[in-house]
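The values are calculated or read from the model by the stated rules, or taken from the named source; none is laboratory data. Quantities reported herein were computed from a predicted structural model and do not represent experimental measurements. When we count neighbours, we look across all protein chains shown, and the Cβ atoms used for this are built from the backbone with ideal geometry, even at glycine.
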Amino acid sequence: MVMSATASGKKVGVVMTMGALHEGHVSLVEQCTGQVDVTVVTIFVNPTQFLPGEDFEKYPRDLDGDLDSISGLPVDFVFAPTAQEMYGESFSTTIQPPDVGKPLEGSHRPGHYEGVCTVVFKLLQAVPASVAYFGHKDYQQYLVIKKMAADLDLDSKIEVCPTVREPDGLAMSSRNRYLSESERKQALAISAALLAAKKSVADGCDDVDAIAKGIREQLVAAGISKIDYAAVVHAETLEEIASIDESSVALVAAYVGDTRLIDNMAL
């Protein structure tokens, strides 16, 4: 049906998710439905992007709840394949991520973006969409997918949508449901540290090391001591920069309790 829609000249959009849908996902679907003729939502917990010891087995799965979350939206198709349907027997072909996937998440989660690139490529073969929508919270993932699509001449435009936050500033994430009440309060330090960094830049600070150090210190002061990175880098390449300007972004990955959370903010 999607193929026939594409063949007839209709604009098809896809929102790729791993389920456990929240308002952030809903906002992606809403943007998609407002810009295309046919909307497809994919729901698939992709095993190849989880590292050994990560939360693949306990990752929340609630297909009925997910379908209910988008039931009021003009979604035309939901594609919810099994791992067997996606990968079959003895699957061995993978896609190497571009250079923008090497730092940050790439260094802390080796193999993660290989799994992401492979599944996104496969999903775009199953759902040949004109536009694929991703969230800004997974900012490096967006850059990786955008570069992969350009390098491999995919027909789909990769669109990024703003991060959706709780009223208190916490970036919405399916993993937030892992947090206890006290951890939920502690996690607010991540967005607070990023906002403080943004204010420091607005007040005239352009010292990369000072801004990154300030983020880290604010996290540690809140009891968040396991920090994979608190980095200030170039917004397109994620490479190190000498000073902060309009093309800078701050990114954080840290553990609140046993839950790894990520967030970012343009500076």
For the stretch 128-139, name all the residues that are touching a Gly at 6+ places or on another chain (Cβ under 9 Å) and either surrounded by 22 or more Cβ atoms within 10 Å (Cβ to Cβ) or more than 27 Å from residue 232 (Cα to Cα) (or both). 129, 130, 131, 132, 133, 135
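Listed here are the residues, each with its yes/no results for (1) of a type in the set (S, T, N, Q); (2) part of a loop (DSSP other than H, G, I, E, B); (3) crowded, with 20+ Cβ neighbours inside 10 Å.
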{"residue": "184", "(1), (2), (3)": "no, no, no"}
{"residue": "189", "(1), (2), (3)": "no, no, yes"}
{"residue": "196", "(1), (2), (3)": "no, no, no"}
{"residue": "229", "(1), (2), (3)": "no, no, no"}
{"residue": "238", "(1), (2), (3)": "no, yes, yes"}
Only one of 189, 171, 196, 202 is closer than 25 Å to residue 21 by Cβ and either free of Cβ contacts under 8 Å to residues at least 40 places away in the same chain or of a type in the set (A, V, I, L, M) (or both). Can you tell me which? 171
Hits in the stretch 42-97 (condition: in contact with a Lys or Arg (Cβ under 9 Å, 6 or more places away or on another chain) and among the basic types (Lys, Arg)): none
When you scan the stretch 151-164, do you find a residue that is touching a strand residue (DSSP E or B) at 6+ places or on another chain (Cβ under 8 Å), over 26 Å from residue 267 (Cα atoms), β-branched (Val, Ile, Thr) and assigned to a loop (DSSP other than H, G, I, E, B), even just one? no
Taking the stretch 120-158 and keeping residues within 14 Å of the chain's Cα centre (by Cα), more than 13 Å from residue 99 (Cα to Cα) and touching a residue at least 60 places away in the same chain (Cβ under 8 Å) leaves 120, 132, 133, 134, 135, 136, 137, 138, 139
Flag if residue 215 is under 23 Å from the mean Cα position of the chain (by Cα), modelled with pLDDT of 95 or more and either farther than 30 Å from residue 178 by Cβ or in the same structural domain as residue 185 (by TED's automatic domain parsing) (or both): yes
